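See below for the structure under consideration.
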Amino acid sequence: METLRDILDSAARGVFPPADGGTTVVPQASDRDAGVLAFTAHAVVFTDEDPRWVHDTLAAVDCDALAAPMNPRFLTAFLERTGRTAETIDAMLVGSPLPGGPPLPLTEITDGDHPRIVYARGRRDDVRAWTAEGGVLVMGRGIAGRLEVSVEVDDAVRHRGLGRLLVTAARHLVTEPLWAQVAPGNARSTRAFLAAGYVPVGAEALLLPGRTD
């Protein structure tokens, strides 16, 4: 059976699920992460729920079948059934490794109290972080163990291309595909990743475990 990681690894190589209007349901790769990935005319739902429930619920959504997996009614039903939480639907982008050193000086940090690191550790494993003058670069293993990147740029140095340099630098630090999730409304971040050579491959809705506090 094809796993979630198999699907992601293929997408990173430019090989996508068939554009047949279907929905593939695969088990979660971890207890932490469930959700929906939307590719061109095909969706992947990763969950430990009964696949029959997924398909029956999608069929009951009153919208174009291609849109159903990301439709708010389906996502709400998914959240309610699993007791999970979600924040937004993100664009998925992926960048390949680059040779040589990064284009700006980076210093690895181990400050576990940095807000960006704290945020990342709630969603990823094996988190590492680097600082540059005016910015922070964070990487860790997220959905199905894929390597994911995020950055933060200080307000005082915005609009100078630092975000693009940071996400470019990340590609020089890895030996495998590097994934990014960007809210579609965050045009500034989207432009930075595109300028750094990341390629959009789909969209995702990540469902995280419900809060216990």
Counting only protein heavy atoms and leaving out ligands, DNA and RNA, the solvent-accessible surface of Phe16 at a 1.4 Å probe, in Å² to the nearest 10, equals 90
State to the nearest 20 debye the size of the charge dipole of the chain about its Cα centre, where the only charges are +1 on K and R beta carbons and -1 on D and E beta carbons.
580
Express in nm, to one decimal, how much length is gained between Arg191 and Ala60 on full extension, taking 0.36 nm for each residue of separation and deducting their alpha carbon distance.
43.5 nm
So, how do all the Cα-to-Cα distances of the chain break down into 5 Å bins, in percent, from 0 on up?
1, 7, 14, 19, 19, 15, 11, 7, 4, 1, 0
Kindly report, to the nearest 10 Å², the accessible surface of Thr190 as traced by a 1.4 Å probe over protein heavy atoms only.
40
Based on the alpha carbons, how large is the Rg to Rh ratio for the stretch 94-198 when Rh follows Kirkwood?
0.92
Can you tell me the accessible area per residue over the stretch 108-178, all protein chains present, probe 1.4 angstrom, in square angstrom?
48
Would you work out what percent of the accessible area of the stretch 25-114, with all protein chains in place, is carbon or sulfur (probe 1.4 Å)?
52
Accessible-area ranking of Tyr198, Tyr119, largest first, probe 1.4 Å:
Tyr119, Tyr198
With unit charges on the beta carbon (Lys/Arg positive, Asp/Glu negative), name the residue among Phe78, Phe16, Thr3 whose Cα is farthest towards the positive pole of the charge dipole of the chain.
Phe16
Using Stokes-Einstein with the Kirkwood hydrodynamic radius over Cα pairs, what translational diffusion coefficient do you get for the stretch 27-130 at 4 °C and a viscosity of 1.567 mPa s, in µm²/s rounded to a whole number?
77
Size of the dipole of the stretch 1-114 about the Cα centre, Lys and Arg at +1 and Asp and Glu at -1 on the beta carbon, nothing else charged, in debye to 20?
240
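The values are calculated or read from the model by the stated rules, or taken from the named source; none is laboratory data. These numbers come from a predicted model, not from an experiment. As a convention, Cβ positions derive from the backbone with ideal geometry for all residues, glycine included, and neighbour counts pool all protein chains shown. We work out accessible area using only protein heavy atoms, side chains counted, and drop any ligands, DNA or RNA first. Shrake-Rupley method; radii C 1.70, N 1.55, O 1.52, S 1.80 Å.
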